Amino acid sequence: MSGSLLMPSGTLNKGSSGGPRLRGTLSTNAVTAFFTFTQKPPQLVTPIDVKTWQAALEDQGLAPASVYAKVSRVSSWFRWALEDETLRETLHANPVALARPKAYQNESAQALTDDEARELLLGQRSE
C-alpha cells in the first residue's frame with residue numbers, strides 16, 4: 001500500500017506490515033480487519049471492497065448477525081471520519097452505505113405482522 005492514510009494524527013497509521021493500524025478509542029477488531037483485508041487507504045475503499053469482505057466473512061462461516069455487526073462497525077468508522085472537516089475533503093462518501101447487508105433478523109426478533117400491530121394498538125386479541 002503506498003501513500004499515507006487520510007486520518008488525523010494518532011488515529012490511523014501504517015502498521016509494521018504496511019497495513020493500516022488503529023489506535024485509541026477506534027481500536028476495534030472489525031475495522032482493523034477490514035483495512036487489513038482491503039489493503040487500501042480509506043479514501044480508495046469502494047462498495048465492492050466492502051461486499052468482497054462481507055462475502056469473505058460469510059465464507060468463514062460467520063453467522064449473519066456477526067457479519068452485519070462487523071460491517072456496521074466499519075460503517076460507523078466511515079461516518080466518524082466524514083464528520084471531520086479535513087477528512088471530508090478527500091473522503092467524500094461512506095462506501096459501506098451502498099454495500100451494507102440487510103439487517104439481520106432472527107426468529108426471536110421478528111417484526112409484528114400488520115394484524116398483530118393493529119391488535120396491539122387496539123388492545124384487542126383475536127381468539
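The values are calculated or read from the model by the stated rules, or taken from the named source; none is laboratory data. All values derive from a computational prediction rather than experimental measurement. Methodologically, a virtual Cβ is constructed for each residue, glycine included, from the backbone with ideal geometry; neighbour enumeration extends over all protein chains shown.
Residues of segment 30-62 that are farther than 13 Å from A99 by Cα and free of Cβ contacts under 8 Å to residues at least 12 places away in the same chain: L44, E58, D59, Q60, G61, L62.
The set of residues from segment 76-96 being part of a helix (DSSP H, G or I), touching a helix residue (DSSP H, G or I) at 6+ places or on another chain (Cβ under 7 Å) and not hydrophobic (A, V, I, L, M, F, W, C) comprises R88, T90. The set of residues from segment 66-98 being among the aliphatic types (A, V, I, L, M) and loosely packed, with under 13 Cβ neighbours inside 10 Å comprises A97, L98. Under the condition of being outside any helix (DSSP H, G or I) and β-branched (V, I, T), which residue from segment 41-65 is surrounded by the fewest Cβ atoms within 10 Å (Cβ to Cβ)? Checking each candidate, the answer is T46. For segment 102-113, check the following and say yes or no: at least one residue is of a type in the set (A, V, I, L, M, F, W, C) and at pLDDT 85 or above. Checking segment 102-113: not a single residue is of a type in the set (A, V, I, L, M, F, W, C) and at pLDDT 85 or above.
Restricting attention to segment 76-96, the residues that are touching a Leu at 6+ places or on another chain (Cβ under 7 Å) and β-branched (V, I, T) total 1.
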